[in-house]
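Quick notes on the structure that follows.
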Amino acid sequence: KQEVTQIPAALSVPEGENLVLNCSFTDSAIYNLQWFRQDPGKGLTSLLLIQSSQREQTSGRLNASLDKSSGRSTLYIAASQPGDSATYLCAAEPYTGGFKTIFGAGTRLFVKA
Amino acid sequence: DVKVTQSSRYLVKRTGEKVFLECVQDMDHENMFWYRQDPGLGLRLIYFSYDVKMKEKGDIPEGYSVSREKKERFSLILESASTNQTSMYLCASTTGNQPQHFGDGTRLSIL
């Protein structure tokens, strides 16, 4: 059964720092890998979606990579800002099981001004 | 922009009550989902629906049922609410290979 793990659970960095959030998954047979952002008390907002045939996706200061062979994805945030403070979740959609996307528990990021 | 609207942001109910959580999306998406989110556990799928009147169990369907009579509306029903169903409930919708779009969630407390 697919398991998705995110380390660290929480991270605090000063403003302007480049940072990497990590996501690992146990079953490499995934259809896609997604990164979401969640602000306190809110739903999830999709940031990046990487298809299984792709290696990375970029949007502004965000870059997500996917290495299926090692079961890893990373989210790189460049020049972090206080507005980036949120919880970041990764999610793996398996090839089998229909739409049963598996979510990690998230990394809570705090960017200090 | 896709909008997914959940009927209540906060809800307090008593044990044994039948509870209805409503979700409406405005983008004609065929797929809709109900998740619950608990600290340290991430999101867990309760049910999803890929068409009107069609539904599939997720990972934790026990104690829940769903209804999808119209394409834009997906309802989650707690048949007899229990305290262990106190949680944040999130609805989402999608089409094809697009990312899921989420509502703002309903924080449900069962007393």
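The values are calculated or read from the model by the stated rules, or taken from the named source; none is laboratory data. Predicted, not measured: the structure shown is a model, and the values here were computed from it. Please note: Cβ atoms are built from the backbone with ideal geometry, for glycine as well, and neighbour counts cover all protein chains shown. Areas reflect the complete protein model, heavy atoms only, side chains present, ligands, DNA and RNA absent. Shrake-Rupley method; radii C 1.70, N 1.55, O 1.52, S 1.80 Å.
When the charge dipole of the protein assembly as shown is built from unit charges on Cβ atoms (+1 for Lys and Arg, -1 for Asp and Glu) and taken about the Cα centre, the candidate among B:Val4, B:Ser80, B:Asn31 whose Cα reaches farthest toward its positive end is B:Ser80. Each Lys and Arg contributes +1 and each Asp and Glu -1, all at the Cβ; summed about the Cα centre of segment A:4-113, the dipole is approximately 100 debye.
Over all other residues within a Cβ to Cβ distance under 14 Å of A:Ile50, the charged ones net out to 0, with Lys and Arg as +1 and Asp and Glu as -1.
Comparing the full protein assembly with the isolated chain, the residues of segment B:68-111 losing at least 50 square angstrom of accessible surface (1.4 Å probe) are B:Asn97, B:Pro99, B:Gln100, B:Phe102. Based on protein heavy atoms only, the protein assembly as shown ends up with 48 Å² per residue of surface accessible to a 1.4 Å probe. Normalising the average separation of contacting C-alpha pairs (under 8 angstrom, six or more residues apart) by the number of residues puts the relative contact order of chain B at 36 percent.
For A:Ala78, neighbours were defined as the other residues whose beta-carbon sits under 15 Å from its Cβ, and their charges (Lys and Arg +1, Asp and Glu -1) total -3. Take each residue of peptide B:39-50, count the partner chain Cβ atoms within 10 Å of its Cβ, and average: the result is 4. Near A:Lys42, no amide H atom lies under 5 Å from its own; only residues 5 or more places off or on other chains count, and H is placed 1.01 Å from N.
Cross-link pairs exceeding 23 Å between alpha carbons, from the set A:Lys100/B:Lys13; B:Lys3/B:Lys70; B:Lys18/B:Lys57; A:Lys1/B:Lys18: A:Lys100/B:Lys13; A:Lys1/B:Lys18.
Each part gets one Cα centre, and for segment A:2-55 versus segment B:1-62 those centres are 22 Å apart.
Here, P(r) means the percent of Cα pairs in each 10 Å bin from 0 to the largest distance; for segment B:21-80 it is 23, 54, 21, 2.
Element breakdown for segment A:1-60 at a 1.4 angstrom probe: carbon and sulfur atoms account for 47% of the accessible area.
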